[in-house]
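Trainee: First, the structure itself, so that you have it in front of you.
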């Protein structure tokens, strides 16, 4: 484990935690959904560093791609802005 | 704010529990017995380069069949819930424009090709049926976004979904009759290690899983998009 | 790297559960659940990871004869692969129910649904 991957994983972990907290505390629902997608995206890079490329591909395609789209489909139908 | 305080208290308790686990964790330096078996015998028994694929498709193939079934049930329930109370006729949308149309027509076959590449090479490189299926579904999503009124082959999706599901079980039965057991991949010759047509039935089974998963996701997306607009 | 991932995963689980417990909008609860989901997957992968080893793919970098000394335990990865796909199914199901609730009651605020209270 080299120094570079250590710093990269620390940076990714910090980005994930910031995105997660942002997603939970923000008042705007679209921002919350996008931050949750960003958590998945950073997680997929971390999976790559941990030696799990299969899981990284799955998380990028399914966890961060399709899930975010499903949320926006439903958000467009229910109009989430009224409820904060 | 009793509720928030209770939630915080619960989080602190859970956090202490997690902290004891995390601080005690020492990464293994040797593979355990199950992993050692997979590492030593996959190349000889299954013939797949990607050990994760060998586990998902063959060693734990029955789990994957169950997983695909759960996914099918989910898609069916989502369709059922959203079908109730759907209006017969919808208002018209403004046309999406020439550029978007041509672009999506150009891109969709390429995305489909990328998805097929991912699941056909599942036994050699990272990737496989689930990732490739998600990529196929994203092509369907692109078509759905550019032209919401054009109901691109719902019948086609249903046909692909049921045919690939049946073919998956039939491939499993081939393994039962011609090889060692249900979902055994050795009903086809193992071939040369590392070639595209190798690892027995794994490319066939993973292609079927990919088509099935792609059709499930696409039917989920299209039943969500067919709900009415406010 | 493994320790960092492990702690991040546990913190994500905690953050997701806290969000699911304290938010009152159903859609926001579902978003929080997906964050906890990503955290659980990260913990599983980090527990399975081993320092200084390669991904379980037997190509030119990892010859078959040396596989037992060079690769990471593949079983947690297969497990997490399943968990991610099923996670999307669960999320889609929750979203469909949320949509139906909104269609029949006109609201997503969980404190408006009082029939199940006791």
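Trainee: Under 1.5 on a/c is rounded, so check that first for the range C:1-66, then, if it is not, pick prolate when a/b is larger than b/c and oblate when it is not; a ≥ b ≥ c are the square roots of the alpha carbon gyration tensor eigenvalues.
Mentor: Details: a/c = 6.05, a/b = 2.88, b/c = 2.10.
The shape class here is prolate.
Trainee: A further question on this structure: Just checking the output field for B:51-62: average partner chain Cβ neighbours within 10 Å of each residue's Cβ? Spell out each step's value before the answer.
Mentor: Working: counts 14, 16, 6, 4, 7, 7, 1, 0, 3, 4, 0, 0.
Taking the mean over all residues of the peptide, I get 5.
Trainee: Hey, got the average number of other protein chain Cβ atoms within 10 angstrom for residues in B:164-173? Intermediate results must be reported in sequence, preceding the final value.
Mentor: Values: counts 0, 0, 0, 0, 0, 0, 0, 0, 0, 0.
Mean partner shielding for this stretch: 0.
Trainee: Let me ask something else. Specify the angular offset, from 0 to 90 degrees and rounded to the nearest 10, of the alpha carbon long axis of helix C:26-48 from the longest principal axis of the alpha carbons in chain C.
Mentor: The answer is roughly 20 degrees.
Trainee: How well do other chains shield peptide B:24-34, expressed as the mean number of their Cβ atoms within 10 Å of each residue Cβ? Please report the intermediate quantities before stating the final value.
Mentor: On the way: counts 0, 7, 2, 13, 8, 4, 3, 10, 2, 0, 3.
The mean count of partner-chain Cβ atoms within 10 Å per residue comes to 5.
Trainee: Would the protein assembly as shown count as rounded, prolate or oblate if I go by the C-alpha gyration tensor, calling it rounded below 1.5 in a/c and otherwise prolate when a/b exceeds b/c, oblate otherwise?
Mentor: Working: a/c = 1.93, a/b = 1.18, b/c = 1.63.
Oblate.
Trainee: Peptides C:93-106, B:120-133, B:34-47: what's the order by average Cβ count within 10 Å, highest mean first?
Mentor: B:120-133, B:34-47, C:93-106
Trainee: While we're looking at this one, here's another question. Ignoring everything except DSSP H segments at least 4 long, calculate the 222 nm mean residue ellipticity for chain B; use -39,500 (n - 2.57) per segment, divide by total residues, nearest 500.
Mentor: Details: 8 runs with 149 residues, N = 230.
Helix-only estimate at 222 nm: -22000 deg cm²/dmol.
Trainee: Using a 10 Å cut-off on Cβ atoms, rank the peptides B:208-215, B:71-78, B:187-194 from the highest mean neighbour count down.
Mentor: Top of the packing list down: B:208-215, B:71-78, B:187-194.
Trainee: Give the angle, between 0 and 90 degrees and rounded to the nearest 10, that separates the Cα long axis of helix A:67-78 from the longest principal axis of the Cα atoms of chain A.
Mentor: For A:67-78 against chain A, the angle is about 10 degrees.
Trainee: Oh, and also: Let me know the whole percent of all Cα-Cα pairs from the range A:3-83 that are separated by more than 21 Å.
Mentor: Values: 1111 of 3240 pairs.
When every Cα pair of the range A:3-83 is considered, 34 percent fall beyond 21 Å.
Trainee: Next up: Against the longest alpha carbon principal axis of chain C, how many degrees, from 0 to 90 and to the nearest 10, is the axis of helix C:75-105 turned?
Mentor: Rounded to the nearest ten degrees, it is 10.
Trainee: Rounded, prolate or oblate: which fits chain C when a ≥ b ≥ c are the square roots of the eigenvalues of the alpha-carbon gyration tensor, with rounded for a/c under 1.5 and prolate only if a/b beats b/c?
Mentor: Judged from the Cα gyration tensor, chain C comes out prolate (a/c at least 1.5, a/b above b/c).
Trainee: Give the relative contact order (percent, whole number) for chain B; include only Cα pairs under 8 Å separated by 6+ residues. Spell out each step's value before the answer.
Mentor: Working: 278 pairs, mean separation 62.5, N = 230.
This gives 27 percent for chain B.
Trainee: Pull out the extension gain between residue B:173 and residue B:98, defined as 0.36 nm times the separation in residues minus the alpha carbon to alpha carbon distance; nm, one decimal. Intermediate values should be presented prior to the final figure.
Mentor: Numbers: separation 75, 0.36 × 75 = 27.00 nm, distance 4.87 nm.
Taking residue B:173 through residue B:98 to full extension adds about 22.1 nm, to one decimal.
A short reminder: the numbers here are calculations on the coordinates, not readings from a lab. Quick caveat: nothing in here was measured; it's all calculated off a predicted structure. Neighbour counts run over all protein chains shown; Cβ positions are idealised from the backbone, glycine included.
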